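Structure, as structure tokens:
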Amino acid sequence: MTATNTAMVAKYQNNFLQEVEANVEEGDWVKMCMQCGVCAGSCPLGNAWEHPPQEIFMMIRAGKREEVLSSESMWMCTSCYNCIVRCPRELPITHIMHGLANYAHRLGIAHKKNPTRRFAKIFWNNISKSGRVNELSLSIKLYFMDGIVSGIKKGLQMMGVGLGLVKTGRLDPMALISHKGIKDTKGLQAMLKKANEIEDKRKGYAS
Amino acid sequence: MAKKEYSFYPGCSSERKASASNYMVSVESMCKTLDIQLNEIPDWNCCGASIGYAEGGELPRHTLNARNIALSEKHNANQDIVATCAACWLGTKETQERLSHSEQMLADTKESLKEAGLENDYKGEVPIRHMVEVLIEDFGYEALGKPVTKPLQGIKIAGYVGCQTNRPFGVDGESFENPKYLDKLVETMGAEPVENYDQKVTCCGGALAFSEPEKSQVQIKKIIESAYDHGAEMIVTPCPVCQMNVEVYQDQINKTYGTKFKIPVTYYSQLMAVAYGSNAKEAGLNGNIVRAPQLEEIAAK
Ligand code: SF4
Ligand code: SF4
Ligand code: SF4
Ligand code: SF4
């Protein structure tokens, strides 16, 4: 439990909907959901969602804060946009799912083991440092995120894929040293730092 | 036809020795034939992709994309921004839309851009387009067919459209359920589109192919199986993520499910390059892990 989380609980008391509206990307749309159920059947990894989007919206209104924010469900979103083009109320469902995931992660109460959360974190660190994806370092960190033994095992499973990419010139085995990224990394990092500060202030994360 | 110029956003995967470097090679050949000049956005950065959201908040993500738009509007003034990756295109377009609808978000983004000296360069006015839109809208199928010197006769190709060129914005006003633009491109190049390919807009799992491989491979299996079931000898895609996901896990899927998948997965630009007379190298065919012998044969003629 983080201090930010405690502060948010205190600030919004039992009004989770209000909290979502204020802090989650596109959260002010949640109240527009009419529970028609169309989106519930839209997610490609459907049976991996303990609570489909429709249910998540209902739970937000019912104030089930813990259950929603610690859920693994929204981490199953593949950004396929099936839901968005089908929803009769035009809710930006994809973005709300990303927003909920981001918010839970920020508060430190997101699902701990979820691989997509951890991958997304590695990915963001990867690009915010150099400005561009270093595919080699990204995949190495991904495979080794559970430790060295499991990393070697996964690495071996993926060896065929990796070798295929290297052989066809689509993965540079030297990229750990040679990957350059953009020129103005300083400007980029300063810009992202600023954006983070502003967002923290707007959302009341900053003290 | 006069030369057409665009401001080009290649995206990380199209960099040299990155996973879609062969896409880039074929795009260059295709553009040469069509007399398209792509002016790369100087010092462009990653779009944050659809997976940046956990650690990157809303504003940082929009700021990343806004930097590219600002750089483009500054250096390649008045040129449409063109992306070859569906995720880059979508991400950039979404940022432009969001900033045009929220003054607060726009002001905050500009304040952040100031740190990179670009606060006065973001206008958000140029159209942001995917390469296939450029082909279809600025050229049209008829004009695209004209330079064909080696029609891809007799090859049956399944057009795998996937998600992000199709939803939420779509290409050329086509339906979300059954977009036809890849089929039409295939036909224009003299090959045979696979009609009734019922998994053409099924999601492959996207970035979750890395983090949730088993779950995503169920999707990929459906996509490939349906292509085979409808007689396809090859799959064509408009996006480097789709291409990679559908191509590179075939061996793993075969191991898990006892299938015998070995279907080439190509880019529309590779089909076009070959039909326009490029050799295998110019069409990036040596970059396909599952080789495409039918295309190689035509390219060698
Ligand atoms: S489709 Fe839209 S309105 Fe229907 S349940 Fe889902 S979010 Fe609510
Ligand atoms: S975008 Fe996400 S929430 Fe929407 S249908 Fe796809 S997986 Fe489900
Ligand atoms: S979508 Fe992928 S390849 Fe394109 S810029 Fe973003 S991260 Fe890089
Ligand atoms: S099909 Fe897969 S890679 Fe292509 S756009 Fe959809 S999720 Fe992304």
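The values are calculated or read from the model by the stated rules, or taken from the named source; none is laboratory data. On a predicted model such as this, the values are computed, not experimentally measured, just so you know. Heads up, the Cβs are rebuilt from the backbone with ideal geometry, glycines too, and the neighbour counts pull from every protein chain shown.
The residues on offer are B:35, B:108, B:80, and the sole one that is of a type in the set (D, E, K, R), farther than 27 Å from residue B:247 by Cβ and under 17 Å from the mean Cα position of the chain (by Cα) is B:80. Residues that are at pLDDT 75 or above, within 16 Å of ligand 4 (Cβ to nearest atom) and in a helix (DSSP H, G or I) within the range A:114-143 comprise A:116, A:119, A:120, A:123, listed in sequence order. Every listed requirement among (1) modelled with pLDDT of 95 or more; (2) within 16 Å of ligand 4 (Cβ to nearest atom) is met by residue B:100 save one, (2).
Candidates are the residues of the range A:68-102 that are of a type in the set (D, E, K, R) and farther than 23 Å from residue B:55 by Cβ; the one that is nearest to the other protein chains (Cβ to nearest Cβ) is A:86. Per the listing A:37, A:46, the residue uniquely within 16 Å of ligand 4 (Cβ to nearest atom) and at pLDDT 90 or above is A:46. Test residue A:188 against the criterion of being at pLDDT 90 or above and either over 18 Å from residue B:244 (Cβ atoms) or facing chain B (nearest Cβ under 9 Å) (or both), and give yes or no. It is true that residue A:188 is at pLDDT 90 or above and either over 18 Å from residue B:244 (Cβ atoms) or facing chain B (nearest Cβ under 9 Å) (or both). All conditions but one from (1) farther than 21 Å from residue B:207 by Cβ; (2) crowded, with 22+ Cβ neighbours inside 10 Å apply to residue B:76; the one that does not is (2).
Going by the conditions given, is residue A:85 in a helix (DSSP H, G or I) and within 16 Å of the chain's Cα centre (by Cα)? No, not satisfied. For residue B:270, which of the numbered conditions (1) buried (at least 18 other Cβ atoms within 10 Å of the Cβ); (2) in a loop (DSSP other than H, G, I, E, B) fails to hold? Going through (1) buried (at least 18 other Cβ atoms within 10 Å of the Cβ); (2) in a loop (DSSP other than H, G, I, E, B) one by one, residue B:270 breaks only (2). The requirement of being more than 14 Å from every other protein chain (Cβ to nearest Cβ), β-branched (Val, Ile, Thr) and on the phi < 0 side of the Ramachandran plot is satisfied by residue B:82. Put simply, of B:55, B:73 the only residue that is of a type in the set (Asp, Glu), in a helix (DSSP H, G or I) and either out of contact with any strand residue (DSSP E or B) (no Cβ under 7 Å at 6 or more places or on another chain) or within 16 Å of ligand 2 (Cβ to nearest atom) (or both) is B:73.
For residue B:59, the test of being facing another protein chain (nearest Cβ under 8 Å), buried (at least 24 other Cβ atoms within 10 Å of the Cβ) and hydrophobic (A, V, I, L, M, F, W, C) is passed. If only residues of the range A:103-124 that are within 16 Å of residue B:49 (Cβ to Cβ) and in contact (Cβ under 8 Å) with a residue 40 or more places away in the chain are counted, the one that is surrounded by the fewest Cβ atoms within 10 Å (Cβ to Cβ) is A:117. Of all residues in the range B:243-253, one or more are outside any helix (DSSP H, G or I), crowded, with 23+ Cβ neighbours inside 10 Å and either away from ligand 4 (no atom under 15 Å from the Cβ) or within 14 Å of chain A (Cβ to nearest Cβ) (or both).
Among the candidates B:19, B:29, the residue that is within 12 Å of ligand 3 (Cβ to nearest atom) and small (Gly, Ala, Ser) is uniquely B:19. Look at residue A:97 and say whether it is within 16 Å of ligand 4 (Cβ to nearest atom), of a type outside the set (Ser, Thr, Tyr) and either modelled with pLDDT of 95 or more or touching a Pro at 6+ places or on another chain (Cβ under 9 Å) (or both). Spelling it out, residue A:97 is indeed within 16 Å of ligand 4 (Cβ to nearest atom), of a type outside the set (Ser, Thr, Tyr) and either modelled with pLDDT of 95 or more or touching a Pro at 6+ places or on another chain (Cβ under 9 Å) (or both).
Consider residue A:14 against the criteria (1) away from ligand 1 (no atom under 16 Å from the Cβ); (2) assigned to a helix (DSSP H, G or I); (3) not small (Gly, Ala, Ser): it satisfies all of them except one. Which criterion is unmet? The one condition residue A:14 does not meet is (2).
The numbered conditions (1) at pLDDT below 85; (2) buried (at least 20 other Cβ atoms within 10 Å of the Cβ); (3) not hydroxyl-bearing (Ser, Thr, Tyr) are all true for residue A:146 except (2). Each residue in the range A:103-137 was checked for being more than 21 Å from residue B:241 (Cβ to Cβ) and more than 15 Å from ligand 3 (Cβ to nearest atom), and 11 of them qualify.
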